[in-house]
Ligand code: SF4
Ligand code: FES
Ligand code: FES
């Protein structure tokens, strides 16, 4: 379902138009073709199928997919073209001027019926026990084109199931050889491990040698497969599509905030699927976004808890709030420290900020160890080129990050541009396989300096590039020499055309690691990092990824969050919050795009939306926050930062000028290390997720071992 | 009926790899020195950006080197040489039935089972081999001598029924008796004569040679040198004419002025 809200927004439309003109003018010449007698103007590069879709005529298809190469092997899309004797595979046939296409003629029905009969010859009729039932292309299309009876009296073939890992279950007898999964693994994921082996009746789709599908994007195979050959492993046999409620939301486990659909049945989240959003995730989400939600059912904090001598004791809200208020009242504001967690929504952050300021505390920390550069201007911490900038760029320099494990969806976009737009990629930092050819030009800031001097051979390439991009991981800015690195990068930007006001281009893109982080920066929360400062009370707002030594032994720790993870472990008082599927919240992604996550289920037990808890606490303490409902708190956000209430929109900011210059300094030439050692377990939610645990056992063992694993020999 | 079902299941060659002690990623494989030269000469036939076109030839070379089958390690090696993904080589190797992905016996008997051969008794030939060697289709005999497979038409239908051995020699005009004879000779370590087994010469009819008895005359060739010359002459003439015309026009134009 295309995101229609995107096109309705006039400002967005303007932005799209801009890109449209920059991309190509040849799209503007059109030719006339006739689809079922209706004339329509289409660009000459269109295929018949695209023309049909433009004319609003649906053409059934299995192998064709918008975002992948045309393979033309299922033949379901046959149409009749006047003056051509045979039916034509519309997905692979270009339009020509004056072409007359018939999609409803008898010939078409017969042809498609024949194709369908052949497909069904070997397809098992196990729809009642198939997970795809109800959302299966083959099922739907056989309703229209299937004959009431098959003429195939031979034995049906059976195919051995393959092992692709814990996320994708295979029932290969159902495969209709559309090759979508093969094209996906090759073109999108960049891991050509799938293929068709054998011939004729013995054709199989698989890896031949029985290896796992170790891509971070492997979950998408399930969405692609038009039949039930590849199905969602963890979701197997749990629900039928018609029982599910559809909630369009955004994912926060990935700082890109891909658009997702949350499917719920009753109070339970059943699965998460990607939604099409061309400016963020196209059509893909990575496996953590898709499968980590089952961590929301494990290790949950569902009641207020207080630490006593013999473990945690359950108390009710009133007691808990009173206790927190009492503790906070006992100390002065500057003895309190607040830490904002990585999945926090803007509402919670605003409430937290207001609450803390009212207490007189200015020590709020959102970034694990603090970015060392000024956060006053968005250009300092956002992806200035935007995610879509990758499509326009012709040279990308990736600094200090392994894109495949840290931003797999962005990596897929880059891969697409590498193959389609001839984008060139160079990497400074970890040199893992990314799924495309790139040049590894260095390991540390030394290379950056050399490029700046012009002594590095890469400098020449950077000079020649028209719209170059530099992708910098925010973890580098958290190092001690973060500011110096930023200064180096800014200098690079000015020397080369990384920052180019004429083209309205700023290619310096900082990849932030979490939405909570960006949200806090957007609201102007910067930490005052005072070395040696020992707070008496630490308020952890869903913060789990901190270093335990940062919290003094004797401090009273209040943890407001969802999971029994690091934070709760250290806490003295625990207040149950709500996770991202359990509250309406807005988030800002690495682009600076404000997205709205929607409430899909309610929090378990006594859990409450995070801002509500803070509101209640403030009232008890006598500093009542002036908002009572979501609407009012959003007014408050608008008051602080008006651009944060324009949803699904990136407020343009002056990105081509560094208003604040980072201070130059000595750069330590230590190696840029890989930030993610286990892609499947990064935050509290994914650490609690059994599915992610299975994945990490199945896949990381492959990654970490030097010897070839035993292949399952079934 | 049940027999048919069983036969059917057994007859399928696997489309997936089975990890075994003798065939896995780690089994050593490399082309021999001599074969590397061959590899180079094969690659020289294709433009460098279309290296992958050499895939079938290389697979065949590997099969020859490994006594009639292509181990997995050989496929991996070929993928390295051709700079394609391993899967691409697996796809090709498993698609073509002439590549054996499991070891075969010393004599790989490929019996043609397509219509003309079938009409002339290919089924009996298969049965003879099955009975004599105690194997079914796609199996190798215990002594490691014979592997039986059924293949499609090998282009020797005039001499049906026929078998091909190790992808090279053909034995034609078979009957169950001559087939048995052949097998016995192989078992005894002898090499029978290739070609028709019923005394027929090549594919002559029952009356022997009846036509084309004289020495074949040299084929009529066009004299390309002359054709070329003619063409060049014609071109030159045309060019002359065109020049003359131009000159005339120029003259006219001047006169006008
Ligand atoms: S497994 Fe599914 S996606 Fe892959 S070829 Fe078969 S039907 Fe197509
Ligand atoms: S969609 Fe056209 S052939 Fe498959
Ligand atoms: S049919 Fe057997 S060789 Fe042609």
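The values are calculated or read from the model by the stated rules, or taken from the named source; none is laboratory data. All values reported here derive from a predicted model rather than from experimental measurement. Virtual Cβ from ideal backbone geometry, glycine too; neighbours counted across all protein chains shown.
If the requirement is being over 25 Å from the mean Cα position of the chain (by Cα) and closer than 20 Å to residue B:97 by Cα, which of these qualifies: B:135, B:163, B:126?
Details: B:163 fails: over 25 Å from the mean Cα position of the chain (by Cα); B:126 fails: over 25 Å from the mean Cα position of the chain (by Cα).
Among B:135, B:163, B:126, only B:135 is over 25 Å from the mean Cα position of the chain (by Cα) and closer than 20 Å to residue B:97 by Cα.
Check A:532, A:605 and return the single one that is part of a loop (DSSP other than H, G, I, E, B) and without any contact (Cβ under 8 Å) to a residue 24 or more places away in the chain. Can you show your working first?
On the way: A:605 fails: without any contact (Cβ under 8 Å) to a residue 24 or more places away in the chain.
Checking each option against the conditions leaves just A:532.
When you go through A:260, A:276, A:247 one by one, which is the residue that is in contact with a strand residue (DSSP E or B) (Cβ under 6 Å, 6 or more places away or on another chain), in contact (Cβ under 8 Å) with a residue 40 or more places away in the chain and either within 16 Å of ligand 3 (Cβ to nearest atom) or away from every other protein chain (no Cβ under 14 Å) (or both)? Break it down into steps so the answer makes sense when it comes.
Numbers: A:260 fails: in contact (Cβ under 8 Å) with a residue 40 or more places away in the chain; A:276 fails: in contact with a strand residue (DSSP E or B) (Cβ under 6 Å, 6 or more places away or on another chain).
Only one candidate passes the filter, namely A:247.
Condition check: surrounded by fewer than 19 Cβ atoms within 10 Å (Cβ to Cβ) and within 14 Å of chain A (Cβ to nearest Cβ). Does residue B:96 satisfy that?
Details: surrounded by fewer than 19 Cβ atoms within 10 Å (Cβ to Cβ): yes; within 14 Å of chain A (Cβ to nearest Cβ): yes.
In short, yes.
Restrict the check to the stretch A:206-222 and report whether at least one residue is touching a strand residue (DSSP E or B) at 6+ places or on another chain (Cβ under 6 Å) and within 14 Å of another protein chain (Cβ to nearest Cβ).
Within the stretch A:206-222, one or more residues are touching a strand residue (DSSP E or B) at 6+ places or on another chain (Cβ under 6 Å) and within 14 Å of another protein chain (Cβ to nearest Cβ).
Suppose we keep only residues that are part of a helix (DSSP H, G or I) and away from chain A (no Cβ under 14 Å) within the stretch B:60-77. Which one would you say is nearest to the chain's Cα centre (by Cα)? Outline the logic, then answer.
The initial filter retains those residues of the stretch B:60-77 that are part of a helix (DSSP H, G or I), namely B:60-65, B:72-77.
Pick out the ones that are also away from chain A (no Cβ under 14 Å) and you get B:60-65, B:77.
Values: B:60: 9, B:61: 12, B:62: 14, B:63: 12, B:64: 13, B:65: 16, B:77: 22 Å.
Among residues in the stretch B:60-77 that are part of a helix (DSSP H, G or I) and away from chain A (no Cβ under 14 Å), the one nearest to the chain's Cα centre (by Cα) is B:60.
How many residues are within 29 Å of residue A:152 (Cβ to Cβ), within 16 Å of ligand 2 (Cβ to nearest atom) and more than 14 Å from chain B (Cβ to nearest Cβ) when one looks only at the stretch A:62-92?
Narrowing the stretch A:62-92 to residues within 29 Å of residue A:152 (Cβ to Cβ): A:62-65, A:70-80, A:85-92.
Cutting the leftovers down to within 16 Å of ligand 2 (Cβ to nearest atom) gives us A:62-65, A:70-80, A:86-92.
Remaining after also requiring more than 14 Å from chain B (Cβ to nearest Cβ): A:62-65, A:70, A:72, A:74-80, A:86-92.
Counting residues in the stretch A:62-92 that are within 29 Å of residue A:152 (Cβ to Cβ), within 16 Å of ligand 2 (Cβ to nearest atom) and more than 14 Å from chain B (Cβ to nearest Cβ) gives 20.
Being surrounded by 15 or more Cβ atoms within 10 Å (Cβ to Cβ) and within 16 Å of residue A:608 (Cβ to Cβ) narrows it down to one of A:318, A:314, A:342, A:347, so name that one. Please lay out each step first, then the result.
Working: A:318 fails: surrounded by 15 or more Cβ atoms within 10 Å (Cβ to Cβ); A:314 fails: surrounded by 15 or more Cβ atoms within 10 Å (Cβ to Cβ); A:342 fails: within 16 Å of residue A:608 (Cβ to Cβ).
Selected residue: A:347, the only one of A:318, A:314, A:342, A:347 that is surrounded by 15 or more Cβ atoms within 10 Å (Cβ to Cβ) and within 16 Å of residue A:608 (Cβ to Cβ).
Has the stretch B:26-42 got at least one residue that is within 11 Å of chain A (Cβ to nearest Cβ) and in contact (Cβ under 8 Å) with a residue 12 or more places away in the chain?
Taking the stretch B:26-42 as the starting set, the residues that turn out to be within 11 Å of chain A (Cβ to nearest Cβ) are B:26.
Those left that are additionally in contact (Cβ under 8 Å) with a residue 12 or more places away in the chain: B:26.
Yes: the stretch B:26-42 contains one or more residues that are within 11 Å of chain A (Cβ to nearest Cβ) and in contact (Cβ under 8 Å) with a residue 12 or more places away in the chain.
Among the numbered conditions (1) more than 12 Å from ligand 1 (Cβ to nearest atom); (2) away from chain B (no Cβ under 14 Å), tell me where residue A:180 comes up short.
For residue A:180, the failing item is (1).
Scan the stretch A:127-135 and tell me whether some residue there is touching a helix residue (DSSP H, G or I) at 6+ places or on another chain (Cβ under 9 Å) and either outside the structural domain of residue A:193 (by the TED database) or loosely packed, with under 14 Cβ neighbours inside 10 Å (or both).
Within the stretch A:127-135, not a single residue is touching a helix residue (DSSP H, G or I) at 6+ places or on another chain (Cβ under 9 Å) and either outside the structural domain of residue A:193 (by the TED database) or loosely packed, with under 14 Cβ neighbours inside 10 Å (or both).
Restricting attention to the stretch A:224-238, report how many residues are touching a residue at least 60 places away in the same chain (Cβ under 8 Å) and either touching a strand residue (DSSP E or B) at 6+ places or on another chain (Cβ under 7 Å) or assigned to a strand (DSSP E or B) (or both).
Here the count works out to 6.
Residue A:382 - would you say it is out of contact with any strand residue (DSSP E or B) (no Cβ under 6 Å at 6 or more places or on another chain), farther than 30 Å from residue A:185 by Cβ and buried (at least 24 other Cβ atoms within 10 Å of the Cβ)? Working first, answer last.
Values: out of contact with any strand residue (DSSP E or B) (no Cβ under 6 Å at 6 or more places or on another chain): yes; farther than 30 Å from residue A:185 by Cβ: yes; buried (at least 24 other Cβ atoms within 10 Å of the Cβ): yes.
Here the answer is yes, as residue A:382 does meet what is asked.
Search the stretch B:86-100 for residues that are touching a residue at least 60 places away in the same chain (Cβ under 8 Å) and pair each with any residue that is assigned to a helix (DSSP H, G or I) and buried (at least 18 other Cβ atoms within 10 Å of the Cβ) when their beta-carbon atoms are under 8 Å apart and the residues are at least 6 apart or on different chains.
Hits for this filter: B:90/B:75.
Among A:101, A:59, which is the only one that is part of a strand (DSSP E or B) and within 16 Å of ligand 2 (Cβ to nearest atom)?
A:101
Tell me whether the stretch B:111-125 contains one or more residues that are touching a residue at least 12 places away in the same chain (Cβ under 8 Å), touching a helix residue (DSSP H, G or I) at 6+ places or on another chain (Cβ under 9 Å), buried (at least 22 other Cβ atoms within 10 Å of the Cβ) and farther than 24 Å from residue B:173 by Cβ.
No - not one qualifying residue is present in the stretch B:111-125.
Which numbered condition in (1) surrounded by fewer than 17 Cβ atoms within 10 Å (Cβ to Cβ); (2) under 19 Å from the mean Cα position of the chain (by Cα); (3) within 14 Å of chain A (Cβ to nearest Cβ) is the only one that residue B:91 fails?
Among (1) surrounded by fewer than 17 Cβ atoms within 10 Å (Cβ to Cβ); (2) under 19 Å from the mean Cα position of the chain (by Cα); (3) within 14 Å of chain A (Cβ to nearest Cβ), the lone unmet condition for residue B:91 is (1).
Within the stretch B:174-190, identify whether any single residue is within 16 Å of residue B:108 (Cα to Cα), within 14 Å of chain A (Cβ to nearest Cβ) and within 16 Å of ligand 3 (Cβ to nearest atom), and answer yes or no.
no
Can you name every residue in the stretch B:46-85 that is surrounded by fewer than 17 Cβ atoms within 10 Å (Cβ to Cβ) and more than 28 Å from residue A:186 (Cα to Cα)?
Across the stretch B:46-85, the qualifying residues are B:64, B:66, B:67.
Does residue A:543 satisfy the condition of being under 26 Å from residue A:410 (Cβ atoms), in a helix (DSSP H, G or I) and touching a residue at least 60 places away in the same chain (Cβ under 8 Å)? So that I can check it myself, show each step before the final result.
Working: under 26 Å from residue A:410 (Cβ atoms): yes; in a helix (DSSP H, G or I): no; touching a residue at least 60 places away in the same chain (Cβ under 8 Å): yes.
No: the conditions fail for residue A:543.
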